[in-house]
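The values are calculated or read from the model by the stated rules, or taken from the named source; none is laboratory data. Model, not experiment: these values are computed from the prediction. All Cβ positions, even for glycine, are placed from backbone atoms using ideal geometry, and neighbour counts span all protein chains on display. Please note that ligands, DNA and RNA were not included when accessible areas were found on the heavy atoms of the full protein model with its side chains. Shrake-Rupley method; radii C 1.70, N 1.55, O 1.52, S 1.80 Å.
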Amino acid sequence: MQKPAITVLFIFCLLFYGGCWDLRDIDQRSIVLGVAFDQTEENAEMMMTLEIPLLMTINGENGANEETSVLLSTTGKTPAQMATHFERRNWRQLFFGHTKIVLISEALAREGIQPFIDFFDRNPHIDRRLNLVIAQGEARTVLEAENPREPLASVYLKNMLEVQAKTSRVITRNFQDSLIRLEDNGDAILPRVRATETELTIGGGALIKDWKLIAWLDENEARAAQFLHNRVDGGRMTVTIDTMVYTYSILTAKTRIRPLLQNGVLSMEIKIESEGNIVEVFSYTKDHQSLHSIKEINQKINQLIHEEVMHLLNKLQYLQVDAIGFEQRIRRRYPNFMRQYNDNWSQQYFPTLQFTLETDFQIRRTGILD
Amino acid sequence: MNQSKSILCQEVPVLILNIILGAGLLNLPSLLARTAGPDGLLALIATVGVNLIGVLLICLLVLRFPDQSIANYSPKLLGRFCGFLFNLTFAGYLLFAAAIVLREFSDTTNVLMLLRTPLEVIMLTMLLAASLLARNGLPPIARASQIIVLLLFFPLLITPLIWAIFDWGALLPVFQVGREAFLEAMTTSVFTLAGFELLLIISPYVLDKRRIIPASILSVLLAGTVAIVIVLVTFGTLTVDQVAKMNDSVFEVVKYMPVPVLILERVDLIFFSIWIAAAYSTVVILLYMVSQQLAETFTISSGKNFVWPLCVVIFFVARIPANQQDSKSFIQIVNYLWIALVYGAIPFLLVLSIIRNRSTAAKRTILGKSKRRKKTRN
Amino acid sequence: MQKKAFHKKLVANIELIKQELHQTGDLIVRVFTISFQKYPEIKGALCYLDGMASSATINSEILRPLLLDARRFDEPPDADILTYLSHSVLPAGELAEADDLESALLAIMSGEVVLLLDEIDRALTVDTKGWDRRGIEPSQTEAVIRGPRDAFTESISQNLMLVRRRIRDPNLVFHRMKIGQRGRNDIAVAYIEGIAKPELIAEVKNRLEKVDMDIILDSGYIEQIIEDDWWSPFNTLQDTERPDEVAAGLTEGRLAIIVDNTPFALLAPATFNTQMMSPEDYYVRWPAVNFIRIIRFVASFVALLTPALYIAVVAYHPEMLPTQLALSIAAAREGIPFPSFVEAVIMELALELLREAGLRLPGPIGQTIGIVGGLIVGDAAVRANLVSPVMVVVVALTAIAGFIIPTYSLGFGLRVTRFYLMFMAATLGLYGLTISLLVLLGHLATLTSFGVSFLSPWAPLNVHDLRDSIFRAPWHKLNNRPSFTEPLDQARQSRRSKKQRKARKR
């Protein structure tokens, strides 16, 4: 029994002296919180910007005015190449385990976002719930923007995306969600961010066709997209009847999209169900007699959402972008039907696809007032 | 004391579950998605059904020789030389299976967890850890397996989180692939659910042999269910296309899953640890099986002393494939060996034993014993 | 070896005893003469050891009757004066005749008095043990809030009394034996006939008989010689200084080994589960106990794993932490010269140093050391950037969790294992930690205590015993004794008490 003990001890020692191949303490890594890709003047190369927190100032001991993060930029041909450039310049190893945001600038996105995906898709440390965001304008300026409330721009963006999800005015699809859509047919809707002088605005979406940005969606269109993605988790809508402005707050919403093949004619059935409250009635001439009945308000809200969703669908059809994945749904449901439109579905069939949209918005409560 | 070597019948499913739910399970969704697309799930269900027949065959053979392991009765059925050869082949298969499990495990660990650590170190530490338990015989292995099985069911606790990203539509369309692709999916996935041949070796040590059939069918069903659930979840969350692209899609599901941040932001490495436990128990049981099979082939009372030499052999065999694609073809060979064993050799032995009718005496005694037991109970 | 016999002559016998004891200084020989009314005088002698035998007892129960009262008796019968004395004269309770020198010497060594008479080649041994003993005091190592306070002492007779007082069952057996060629130490194997499995009793006795140690100073000697696996960092016999724990163990079909000169008794078989229990668990009501037990099991994992997990996560897999926490840990570690493994080892070693130092120092100073070490040194180390504040939290957590484990020996095992886990976590990260935990699991699964699996009732799964493991069922659900000991009589209480409970509800 002594021999095995000595062997085990020997192996332990060997392991330890020659070992610890992957050991790298947390303070020896450069935690990359955000990545931004921009175009450079020489068109052949691109610029990658990393947001790395400065550990010295994180705990706020050195005063609140100091910079809490640094932005490092480099140019190169591929993301991996640029990452190597960083490692040559940085005194610590890059660590992508806490990356929250990958920003792609508008100019780059118009040429295609495909080349940026694989670097992140292949990395085992990457959190698949990070957000792939298209920046309107320069991507680096988004990370540069100063936010007094949360000094780390990437964390700020990530939190904003989560909080804003309740307003349904942002696209809340994360990296893996987008990847599922993009790798199916190259079309998707990604979140959009704008940096102005004073603040960051998150809202609306970027419409991707064949991995290329072709149009922006405003915030109402984004809400319609969220409905179609079945990702609505709150939000408010206002309808005006006569002079009264009613604000409807969504509690729950559920969307069902079902392809229907009848007599060789394909149509998409979209059914949106929602429950909500009236949280405000805004009027200068308010008296209880003039309040409209719930039925009337319901009708108006349904009409509003119907218009919004149909507007988005028409836009998608006009641009020939199947960003919601209608084709995938039909392929799953009617595989034999889809075989005839192998490659040219989005040009040939999608623009004329029939949609039957049903909305069922119900007001449950009206606050403590009637 | 015979008691110290034997295990309860309730421990048989535990052992079988542990050996089936091993390293290969991670790869299973990707394998199925690549070969049969969404039909992979159906192929898997069919495979589980076929394996039920396989385990039934093994049980029937085992019950014909209740107090012997396969190494003891195969020479009686096949003749001395052929039996010896068969035993060696069986041991060789087990050895290769152990090597494959080890290799697959180490490769995945290298990819997901320890990127710079040499493959050899991972393989050696695993082998060393496994050999320490495998040397101690069946009852400790059964006990450790019992705890590990409990761990394996721990991931069920987080299934509710998956509902947020689960999409039944992603499982469609079905019945789209041809017969050949379906069969290919079945033959490649069948090895992932292999392991119940364990019964051939441990049967003499099982105390209550009459319950061996329900116990082993239950275990194959349970393992099959776990595999089906895993494939269902990966297909339903990541879609078949994504699964086919990835190597170890199960962890990607965990990384993708919305987890409320409590203590840990990412739970995928916790899953990874549990999976290490699963791979560990598989290696332990396989090591025990090879050593026991060799010991009984050469009529040595205990396989204990075979374990460490075997570890060295397994280490070098596991090092053979140059890369992940190489090891896939390596797996294919062992896969066909397994199919030949369970669906070729076992029925053949069973038929031989019935024809030669050598086991009637043994059968009579076991029936007599059971009747007697019933009487005493009354 | 042939036994040495007594001579006929008294002087020769005294000389013999003195010689055998190498003229030891504490031997007292009192020579006297017994005179009867109608009988010639007899010369006699008492031999005993100073301090071992109580002189008060000797005076009142031996010398007084022999020298004074004997005069009043008539002529003794012809048969034998020694038998006559023991039957009719001496009022002492425990008397025995010794035919050979060995047993007489052993009696002297045990604090008894040997009475020698002239012209008789036998001796009479009278129990006069009367050395000073410590009184019964509250338990030091297994203190409870609710429950009896008394603990074992160094005296075996007192200890047996403490057990017997709790179990007035005639089936309670104390099997006495003497172990140790030189120490000749008293040992008692306690069990309840009709509950404990006979094979188990035989096995324990068998192992004890094979013990061939020259002296047994503590039950730890016995424990380490008769345990199943001497390689393990875990103990497979449970040590306790609580008589109620022993009594409970006996009624569960376990055996107790009570050793003289130590307050620690041994219980066999012992599993991980039994060592995670405190006697208090059975005195306090069950909902509170279940809460405490869950905390205790969690604490055992915390004590075992926290530093290793810290190393694995911080040095290998920082992606597991929430981003804010990762950033603040990284910031806290910024500027610390040591890698996290060294940091952890330094702090854990410092903790062990403090513990040992606190134990060895006299009471009041020990507490001071704890405060100085824990607060001042810890704070100074953080300020000097030697360790990060997070590490101090981790160490404090392990220390506190370690103290929750009710059995000292088990806690010891976990403490040793902790360093092994830390080492593996430092070498191979979470993989190393998992592998080393699996090795630990494999080891625990291999461990047995007198044939009982150390992991019982979890492996092999014993559904019945699960009622008293992480959860303790209310008493009326614990009708049967735990089955891991395979007790002969399974029922602990009849079903009647359950019926009464129901009747009361109505």
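Between Rg and the Kirkwood Rh of the protein assembly as shown, both from Cα atoms, what is the Rg to Rh ratio?
Details: Rg = 39.9 Å, Rh = 36.8 Å.
Radius of gyration relative to Kirkwood radius: 1.08.
Give me the percent of DSSP beta bridges within region A:219-370 that run antiparallel, rounded to the nearest 5.
Percentage antiparallel, nearest 5: 65.
Keeping all protein chains in the complex and leaving out DNA, RNA and ligands, what accessible area do you get for B:Asp67 with a 1.4 Å probe, in Å² to the nearest 10?
My reading of the accessible area for B:Asp67 is about 110 Å².
Restricting to the protein assembly as shown, compute how many DSSP beta bridges are antiparallel as a %, nearest 5.
On the way: 94 of 124 bridges.
Roughly 75 percent of the beta bridges in the protein assembly as shown run antiparallel, per DSSP.
From the phi of every residue in region C:225-242, what ³J(HN,Hα) in whole Hz does the Karplus formula 6.51 cos²θ - 1.76 cosθ + 1.60 yield, where θ is phi - 60° and glycine or proline is x?
My calculation for region C:225-242 gives 8, 9, 5, 6, 10, 7, 7, 7, x, 9, 8, 9, 10, 8, 9, 8, 10, 10 Hz in order.
Can you give the charge dipole size of region A:202-297 about its Cα centre, rounded to the nearest 20 debye, using +1 on the beta carbon of Lys and Arg and -1 on the beta carbon of Asp and Glu?
Numbers: 11 positive and 12 negative charges, 80 e Å.
So the magnitude is around 380 debye.
Can you put B:Thr299, A:Thr359 in order of accessible area, largest first, using a 1.4 Å probe? Kindly include the intermediate steps, with their values, before the conclusion.
Numbers: B:Thr299 120, A:Thr359 30 Å².
Descending order: B:Thr299, A:Thr359.
Which whole-number percent gives the relative contact order of chain C, counting Cα pairs below 8 Å spaced six or more residues apart?
On the way: 802 pairs, mean separation 68.2, N = 506.
Contact order relative to length: 13 percent.
What relative contact order, as a whole-number percentage, does region A:219-370 give when Cα pairs under 8 Å and 6 or more residues apart are counted? Spell out each step's value before the answer.
Values: 231 pairs, mean separation 46.6, N = 152.
Normalised by residue count, the contact order of region A:219-370 is 31 percent.
Suppose only helical runs count, i.e. DSSP H with n ≥ 4. What mean residue ellipticity at 222 nm does that imply for chain A under -39500 (n - 2.57) per run, divided by all residues and rounded to the nearest 500 deg cm²/dmol?
Values: 13 runs with 128 residues, N = 370.
Theoretical 222 nm ellipticity from helices: -10000 deg cm²/dmol.
Which shape class applies to region C:282-452: rounded if a/c is under 1.5, otherwise prolate when a/b exceeds b/c and oblate if not, where a ≥ b ≥ c are the square roots of the Cα gyration tensor eigenvalues?
Numbers: a/c = 1.70, a/b = 1.18, b/c = 1.44.
Cα axes put region C:282-452 in the oblate bin.
Just reorder B:Cys82, B:Cys9, A:Cys20 by solvent-accessible area, largest first, 1.4 Å probe, all chains present.
Working: B:Cys82 70, B:Cys9 10, A:Cys20 35 Å².
If we order B:Cys82, B:Cys9, A:Cys20 from most to least accessible, we get B:Cys82, A:Cys20, B:Cys9.
Quick one: if you stick a label point 7 Å off each Cα along the C-beta vector at C:Leu375 and A:Lys295, how many nm between them?
Here the answer is 7.5 nm between the modelled labels.
Evaluate the distance, in nm, between pseudo-label points positioned 7 Å from the Cα of C:Trp131 and of B:Leu60 along their respective Cα→Cβ axes.
Inter-label distance under the simple model: 7.5 nm.
As an exercise, use a Förster radius of 45 Å and the Cβ-Cβ distance of C:Tyr39 and C:Arg182 to find the FRET efficiency, rounded to the nearest 0.05. Each step should come with its number before you reach the end.
Numbers: r = 42 Å, r/R0 = 0.94.
Calculated value: 0.60.
What average count of beta carbons from other chains do you get within 10 Å of the Cβ of residues in A:325-334? Mind showing how you got there, number by number?
On the way: counts 2, 0, 0, 5, 2, 0, 3, 12, 3, 2.
Whole-number average of other-chain Cβ neighbours for A:325-334 is 3.
Rounded to the nearest 10 Å², what accessible area does C:His7 have for a 1.4 Å probe in the complete protein model?
We get 90 Å² for C:His7.
Rounded to the nearest 0.05, what FRET efficiency do A:Leu260 and A:Arg92 have when you use their Cβ-Cβ distance and R0 = 56 Å?
Values: r = 57 Å, r/R0 = 1.01.
The computed FRET efficiency comes out at 0.50.
Determine the relative contact order of region C:10-126: mean sequence separation of Cα pairs under 8 Å and six or more apart, normalised by residue count, in whole percent. If you can, show how the numbers build up before the last one.
Working: 174 pairs, mean separation 35.0, N = 117.
Rounded, it is 30 percent for region C:10-126.
In debye to the nearest 20, how big a dipole does chain A give about its Cα centre with +1 on each Lys and Arg Cβ and -1 on each Asp and Glu Cβ? Working shown, then result.
Values: 41 positive and 48 negative charges, 273 e Å.
Dipole magnitude for chain A comes out near 1320 debye.
Return the calculated 222 nm mean residue ellipticity for chain C, to the nearest 500 deg cm²/dmol, obtained by summing -39500 (n - 2.57) across DSSP H runs with n ≥ 4 and dividing by the residue count. Could you put the intermediate results ahead of the total?
Values: 18 runs with 218 residues, N = 506.
After summing the helix terms and dividing by the residues of chain C, the value is -13500 deg cm²/dmol.
So what does C:Glu119 come to for accessible area, using a 1.4 Å probe and Å² rounded to 10?
Accessible surface of C:Glu119 is approximately 90 Å².
Rounded to whole Hz and in sequence order, give me ³J(HN,Hα) for region A:357-365 from the Karplus expression 6.51 cos²θ - 1.76 cosθ + 1.60, θ = phi - 60°, writing x for Gly and Pro.
Residue by residue, region A:357-365 yields 9, 10, 10, 9, 9, 10, 8, 9, 9 Hz.
From the helices alone, meaning DSSP H stretches of at least four residues, give me the mean residue ellipticity at 222 nm for chain B, per-run term -39500 (n - 2.57), in deg cm²/dmol to the nearest 500. Could the numbers behind the result be given before it?
Values: 17 runs with 269 residues, N = 378.
Result for chain B, helices only: -23500 deg cm²/dmol.
Report, as a whole number in µm² per second, the diffusion coefficient that Stokes-Einstein gives for region B:190-248 at 25 °C and 0.890 mPa s using the Kirkwood radius over alpha carbon pairs.
Values: Rh = 13.7 Å.
Using the Kirkwood radius from Cα pairs, D works out to 179 µm²/s.
Apply 1/(1 + (r/R0)^6) to the Cβ-Cβ distance of C:Glu94 and C:Gln140, taking R0 = 41 Å, and write down the FRET efficiency to the nearest 0.05.
On the way: r = 32 Å, r/R0 = 0.78.
Result of the calculation: an efficiency of 0.80.
For region B:73-86, what does the Karplus curve 6.51 cos²θ - 1.76 cosθ + 1.60, with θ = phi - 60°, yield as ³J(HN,Hα) per residue in whole Hz, taken in order and with x for Gly and Pro?
9, 5, x, 5, 7, 9, x, 5, 5, 4, x, 4, 4, 4
Once Rh for region C:101-186 is found with the Kirkwood sum over Cα pairs, what is the Stokes-Einstein diffusion coefficient at 20 °C and 1.002 mPa s, in µm²/s? Kindly include the intermediate steps, with their values, before the conclusion.
Details: Rh = 16.0 Å.
Once the numbers are plugged in, D ends up at 134 µm²/s.
Which one, B:Phe315, B:Leu28, C:Ala332, projects farthest toward the positive side of the charge dipole computed for the protein assembly as shown from Cβ point charges (K/R +1, D/E -1)?
Looking along the dipole axis, the top candidate is B:Leu28.
Please list A:48-57, A:291-300 highest first by mean number of surrounding beta-carbon atoms within 10 Å per residue.
Details: A:48-57: 22.0, A:291-300: 15.3.
Descending packing order for the listed peptides: A:48-57, A:291-300.
Going by a ≥ b ≥ c, the root eigenvalues of the Cα gyration tensor, does chain C fall in the rounded group (a/c under 1.5), the prolate group (a/b larger than b/c) or the oblate group?
Values: a/c = 2.85, a/b = 2.00, b/c = 1.42.
Verdict is prolate for chain C.
Collect residues whose amide H, placed 1.01 Å from N in the peptide plane, falls under 5 Å from the amide H of C:Leu478; neighbours closer than 5 in sequence don't count.
Result for C:Leu478 returns nothing.
Just want the answer: with Cβ charges of +1 for Lys and Arg and -1 for Asp and Glu, which residue in A:Thr172, A:Ile241, B:Val206 is farthest toward the dipole's positive end in the protein assembly as shown?
Value computed over the given set: B:Val206.
Where nothing but the Cβ of Lys and Arg (+1) and of Asp and Glu (-1) is charged, how large is the charge dipole of the protein assembly as shown around its Cα centre, in debye to the nearest 20?
Working: 125 positive and 124 negative charges, 1049 e Å.
The dipole of the protein assembly as shown has a size of about 5040 debye.
Work out how much length B:Ile263 to B:Phe84 would gain on full extension: take 0.36 nm times their residue separation and subtract the Cα-Cα distance, in nm to one decimal. Please report the intermediate quantities before stating the final value.
Numbers: separation 179, 0.36 × 179 = 64.44 nm, distance 5.63 nm.
That pair, B:Ile263 and B:Phe84, stretches by 58.8 nm at full extension.
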